[in-house]
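A.B. asks: One structure is given below, represented as structure tokens, and several questions about it will come after.
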Amino acid sequence: MLKGRHLIDIMDFSIEELDEIFKLANEIISKEKDFSKVCDGKLLATLFYEPSTRTRLSFESAMIRLGGKVVGFSEPNSSSVSKGESIADTIRVIGCYADIIAMRHPKEGAPKIASMYSTVPVINAGDGGHQHPTQTLTDLLTIKSIKGTLSNLKIGCCGDLKFGRTVHSLINAMSRYENNSFTLISPEELKVPDYVKKELNRKGVNYSETKNLEDAIGSLDILYMTRVQKERFFNEEDYIRLKDIYILSKDKMSKAGKDMIVLHPLPRVNEIPYEIDSDPRACYFKQVKYGMYVRMALMLKLLGIR
Ligand code: CP
């Protein structure tokens with residue numbers, strides 16, 4: 001039963017609950033018109049303390065396409081946060097107005113704190129370098145739709161695996177399905193945090209770490225590219241040194257299998273050149289579309305509408 005629940009970490013939901021969300025997302029995709037009024041009278045609040053294009057606008061589009069309405073802020077300085085209001089108080093207030101809240105915050109754990117004070121469902125829309133569970137819902141629905149399965153896959157994660165919160169959520173989620181393995185491709189400075197690897201070890205999941213994308217690409221079913229997260233670096237020199245460390249050139253793509261798919265949570269910077277976009281294996285814009293549908297399904301479930 002997902003009604004009234006929060007989504008803070010992708011592990012908050014069981015595999016069966018994730019499946020329910022994907023089933024509903026597919027139903028919405030096939031009969032979108034039938035859902036155009038189901039959220040009539042419902043209000044989503046989007047509280048974005050950090051910049052966003054996809055997550056905020058896909059949540060807002062999702063609610064509007066379901067017949068509901070949206071309030072919120074994307075610039076925290078325009079809210080009373082700038083006067084020193086706490087997250088707890090902000091959430092208690094927003095809960096008096098809205099039926100559901102999507103919150104992005106630069107501090108790890110902030111949406112969790114919010115959920116502890118909220119009378120309505122809180123969805124973590126990204127907390128610092130920690131987790132991004134609705135991106136993972138997007139990624140899983142994309143993989144399931146294109147590959148037909150969430151099991152028996154060789155997944156390569158490439159780029160900034162230290163600060164890239166989407167990768168942390170994706171690894172946690174995909175390691176629950178049978179016989180998936182991971183190739184973690186990053187420079188030494190941007191390796192996956194130990195707490196993520198500890199979980200893989202605990203579950204006995206097969207993974208390896210390498211710096212070399214070129215050598216790894218040929219064995220992958222999925223290549224999940226990520227941007228080097230400039231905003232989380234402590235000094236600019238390190239960022240400049242590392243920012244273009246992986247560029248998915250045509251030459252590298254020629255070493256990949258014909259059925260490998262390339263995903264990216266976006267925004268991209270230089271890591272995937274525009275010339276790759278026309279390659280049929282480039283699926284990151286399809287992924288964007290799935291993101292809106294899966295957020296429609298998620299909100300319906302948390303609101304107890306379907
Ligand atoms: N994928 C993602 O979280 O994009 P935004 O930062 O634009 O929301």
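The values are calculated or read from the model by the stated rules, or taken from the named source; none is laboratory data. Quick caveat, the model's predicted, so the values are computed rather than measured. Every residue, glycine as well, gets a Cβ built from its backbone with ideal geometry; the counts of neighbours run over all protein chains shown. With ligands, DNA and RNA removed, areas are computed over all heavy atoms of the protein, side chains included. Shrake-Rupley method; radii C 1.70, N 1.55, O 1.52, S 1.80 Å.
A.B. asks: What accessible area per residue comes out for the chain, rounded to a whole number of Å², with a 1.4 Å probe?
C.D. replies: Roughly 44 Å² per residue, with all protein chains present.
A.B. asks: May I pose another question? Per 0.36 nm of contour for each residue apart, how much would the distance between Asp259 and Glu275 grow if the chain were fully extended, relative to their Cα-Cα spacing?
C.D. replies: Contour length minus Cα-Cα distance gives 3.9 nm.
A.B. asks: Follow-up question, since we're still on this one. Does anyone have the angle between helix 133-147 and the longest principal axis of the chain? Alpha-carbon axes, 0 to 90°, nearest 10?
C.D. replies: 60 degrees
A.B. asks: Let me ask another. Report the antiparallel proportion of the DSSP beta bridges in the chain as a percent, rounded to a multiple of 5.
C.D. replies: Counting only bridges with both partners in the chain, antiparallel ones make up about 5 percent.
A.B. asks: Determine the gain in length on full extension of the stretch Met11-Phe285; use 0.36 nm per residue of separation and subtract their C-alpha separation, reporting nm with one decimal.
C.D. replies: Taking 0.36 nm per residue and subtracting the Cα distance, the gain is 96.1 nm.
A.B. asks: Amide H to amide H under 5 Å from Ala282: which residues, 5+ apart in sequence or cross-chain, H placed 1.01 Å off N in plane?
C.D. replies: Val262
A.B. asks: Treat the chain as a sphere of radius equal to its Kirkwood radius over Cα pairs and apply Stokes-Einstein at 25 °C in a medium of 0.890 mPa s; give the translational diffusion coefficient in µm²/s, rounded to a whole number.
C.D. replies: For the chosen part, D equals 124 µm²/s.
A.B. asks: Okay, moving on. Once both labels are modelled 7 Å past Cα along the beta-carbon direction, what's the Glu75-Thr119 spacing in nm?
C.D. replies: 3.1 nm
A.B. asks: Keeping every protein chain in place, order Ile101, Ile64, Ile245 by accessible area at 1.4 Å, biggest value first, i.e. largest first.
C.D. replies: The most accessible residue leads, giving Ile64, Ile245, Ile101.
A.B. asks: Here's something else I'd like to know. Taking Rh as the Kirkwood radius computed over C-alpha pairs, what is the Stokes-Einstein D of segment 133-287 at 25 °C in a medium of viscosity 0.890 mPa s, expressed in µm² per second?
C.D. replies: Translational diffusion coefficient: 158 µm²/s.
A.B. asks: Quick check: at a probe of 1.4 Å, how many percent of the accessible area of segment 22-93 sits on carbon and sulfur atoms?
C.D. replies: Looking at segment 22-93 in its full context, I get 50 percent from C and S.
A.B. asks: Of Glu16, Glu214, which has the most accessible area with a 1.4 Å probe, and how do the rest follow in descending order?
C.D. replies: Glu16, Glu214
A.B. asks: When the accessible area of segment 133-287 is split by element with a 1.4 Å probe, what percent falls to carbon and sulfur?
C.D. replies: 47 percent
A.B. asks: In degrees from 0 to 90, rounded to the nearest 10, what is the angle of the helix 15-30 Cα long axis to the longest principal axis of the chain?
C.D. replies: On a 0 to 90 degree scale, this one is about 80.
A.B. asks: Sticking with this one: Remind me, relative contact order of the chain in percent, using alpha carbon pairs under 8 angstrom and six or more residues apart?
C.D. replies: 20 percent
A.B. asks: Then there's this: Once phi is turned into θ = phi - 60°, what whole-Hz ³J(HN,Hα) does the Karplus curve with 6.51, -1.76 and 1.60 give for every residue of segment 272-288, x standing for Gly and Pro?
C.D. replies: Computed from phi, the couplings for segment 272-288 are 10, x, 4, 5, 7, 4, 7, 5, x, 7, 7, 10, 6, 7, 4, 4, 4 Hz.
A.B. asks: Mean residue ellipticity at 222 nm from the helices of the chain, using -39,500 (n - 2.57) per DSSP H segment of n ≥ 4 over the full residue count, to the nearest 500 deg cm²/dmol?
C.D. replies: It lands at -11500 deg cm²/dmol.
A.B. asks: What is the set of long-range amide H partners of Tyr224 at a cut-off below 5 Å, with H atoms built 1.01 Å from backbone N?
C.D. replies: Gly156, Cys157, Cys158, Leu263
A.B. asks: Another question, if that's okay. Would you kindly derive the ³J(HN,Hα) couplings of segment 148-160 from the backbone phi angles with the Karplus curve 6.51 cos²θ - 1.76 cosθ + 1.60 (θ = phi - 60°), listing them in order in whole Hz, with x for Gly and Pro?
C.D. replies: Calculated HN-Hα couplings, in order: x, 7, 10, 10, 6, 10, 9, 10, x, 10, 10, x, 8 Hz.
A.B. asks: To continue, here is another question. Residue by residue, what Karplus-based ³J(HN,Hα) values in Hz, rounded to whole numbers, does segment 55-65 have, using 6.51, -1.76 and 1.60 with θ = phi - 60° and x for Gly and Pro?
C.D. replies: Listing the rounded values in order: 5, 5, 6, 6, 4, 5, 4, 4, 5, 5, 5 Hz.
A.B. asks: Turning to a different aspect of this structure: Give, in nm to one decimal, the length gained when the segment between Ser151 and Asn235 is fully stretched (0.36 nm per residue of separation minus the Cα-Cα distance).
C.D. replies: Full extension from Ser151 to Asn235 adds 26.3 nm.
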